[in-house]
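Notes to accompany the following structure.
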Amino acid sequence: MTPLVSHTFEEHVGEVRMRVDAPSRAELLAEAGRALAQLSVGSEELPSANESPETVELQAIDPTALLVDWLNELLFRSETQLKIFVEFSFDRLADRELRASMRGVRVDELRTVVKAATLHDLEFEEQPDGIFATLVLDV
Amino acid sequence: MAFSPPSSSTFESNASRSMLDVLAPIAPLVHEIPRSFRGDMRVPARVFADAEQLSQMTRDRSLLQLVNVTTLPGIIDAAYGMPDMHEGYGFPVGGVAATLLPDGVISPGGIGFDINCGVRLLVSGVERAAVAATLPALAHELSRSVPTGAGRKGQLSLDGAAMDALLTEGVSYLIRAHGQGVPEDMGRIEAGGGLAGARADCVSDRAKLRGHEQLGTLGSGNHFLEIEVVDAVFDEPAA
């Protein structure tokens, strides 16, 4: 059975632990991005994108590091532009690199400021029926 | 008792519970995990806690993390766990350790990677009774006048050479070039509000850009400002 795209925020003593499930890497990265946006605005309801597309190109040592780098790139752009990103498409996605286009919307403030996506207790598992990842976000 | 180090990051807090068996009281509210607990420990681990606090520590991996801290090269005396110790990244939050120069390691994990996340105490000399009626208004004014959180800019905006000067010189630059404060303030800030040998060129442009909007603000995340009442002074010269 193909897993649904979903994310949950799990209990953690001092940070935010996030689990993301998706049937493909591209959907996993997009869902993780939307999860960050939800954290940023403090709501499950996300506004529609109205800004011009931005391009992201990343290279990393493996798919796990690529996921972490992807989230940290989103965090950087979100904080420096005061913007959340809600639409993602991937022109290229391999084990160690990606090229993505994304669109966002400006916000007045970030309700939760995530300092970084970390490698701490990181889980990333690809199974025949889908992928899941668990990350700890430093807040 | 026998103990095998965890082979993965998914070590469960059961190990912390087993540590309760080897925690030996060495003084009132002071407990020690001896070096014999694990072969790679360089010093013992000592925890300041009562029974309830110890019980809480077994709910996460903080005791295991404190034992891991004892393995740091150059650590001296012991790794200490404070009463509020809880799980962190590698180093437990509320863990304390000292390493000896010249070969002791420097561990960013010991401060939770929040470099120079500090505390400033401003003393007013105002009596509580004199402001009790206006405290709500005072709190409101503080929240309006002290920008905090992402999206609340400070009044100071420094770019390029000015940002580099601030990163290099610290507070003295703000006083000298921008009239923010007076020289006497520096005597009340750790290291005079600047670090000798600081090099702005070692800070990436991305880091400067990310920090730019928070300059002159309280910061974001778990930063806070609060009004306190001094009930008693225990160290008159220091106070």
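The values are calculated or read from the model by the stated rules, or taken from the named source; none is laboratory data. Note that the structure is a prediction, hence the values are computed from the model and not measured. Here the Cβ is made from the backbone with ideal geometry for all residues, glycine too, and neighbour counts use every protein chain on show. Note: areas computed on protein heavy atoms with side chains; ligands, DNA, RNA excluded. Shrake-Rupley method; radii C 1.70, N 1.55, O 1.52, S 1.80 Å.
Worth pointing out:
- Simple point charges give the picture: +1 on the Cβ of Lys and Arg, -1 on the Cβ of Asp and Glu, and for the stretch A:1-104 a dipole about the Cα centre of about 140 debye.
- Helix-only CD estimate at 222 nm, as mean residue ellipticity for chain A, using -39500 (n - 2.57) per DSSP H run (n ≥ 4): -9000 deg cm²/dmol
- Label-to-label distance for B:CYS117 and A:SER6 is 3.2 nm, based on points extended 7 Å past Cα in the beta-carbon direction.
- Alpha carbon centroid spacing (whole Å) that separates the stretch A:12-80 from the stretch A:96-115: 7
- The mean count of C-beta atoms from other chains within 10 Å of the C-beta of residues in A:115-128, rounded to a whole number, is 2.
- Anisotropy class assigned to the protein assembly as shown is oblate, per the alpha carbon gyration tensor with a/c at or over the 1.5 cut-off and a/b no larger than b/c.
- Solvent-accessible area of the stretch B:80-239 (1.4 angstrom probe, protein heavy atoms only): carbon and sulfur portion equals 59 percent.
- At R0 = 45 Å, FRET efficiency that the Cβ-Cβ distance of A:ASP129 and A:ASN50 yields, to 0.05: 0.80
- Residues of the stretch B:194-212 that bury at least 20 Å² of accessible area when the other protein chains are present, relative to the chain alone (probe 1.4 Å, heavy atoms, ligands and nucleic acids excluded): B:ARG206, B:LEU209, B:ARG210.
- Total charge dipole magnitude, the protein assembly as shown, about the Cα centre, Cβ charges on Lys, Arg, Asp, Glu only, Debye to nearest 20: 460
- Top of A:GLU79, A:GLU27, A:GLU54 by mean-square fluctuation, Gaussian network on chain A, Cα under 10 Å: A:GLU54
- Within chain B, helix-based [θ] at 222 nm, where runs of 4 or more DSSP H residues each add -39,500 (n - 2.57), nearest 500: -7500 deg cm²/dmol
- Extreme residue, positive dipole direction of the protein assembly as shown, given options B:THR71, B:ALA207, A:PHE76 (C-beta unit charges): B:ALA207
- Summary value for chain B: 12 percent relative contact order, contacts being C-alpha pairs under 8 angstrom separated by 6+ residues.
- Multiplying the residue separation of B:ARG144 and B:ALA200 by 0.36 nm and removing their Cα-Cα distance gives an extension gain of 17.0 nm.
- Choice from A:PRO128, A:PRO53, A:PRO23 showing the highest fluctuation, given a GNM over chain A with Cα pairs closer than 10 Å: A:PRO128
- Highest-fluctuation residue, B:ALA165, B:ALA139, B:ALA130 considered, GNM on chain B with Cα pairs under 10 Å: B:ALA130
- On association of chains A and B, roughly 1700 Å² of accessible area becomes buried (total for both chains; probe 1.4 Å).
- Distance between the modelled labels on B:ALA238 and A:GLU97, one decimal in nanometres: 5.7 nm (7 Å Cα→Cβ projection).
- Each Lys or Arg adds one and each Asp or Glu takes one away; over the other residues whose Cβ falls under 15 Å from the Cβ of B:SER172, this sums to -3.
- Entry note, chain A: relative contact order of 30 percent, from Cα contacts under 8 Å with a spacing of 6+ residues.
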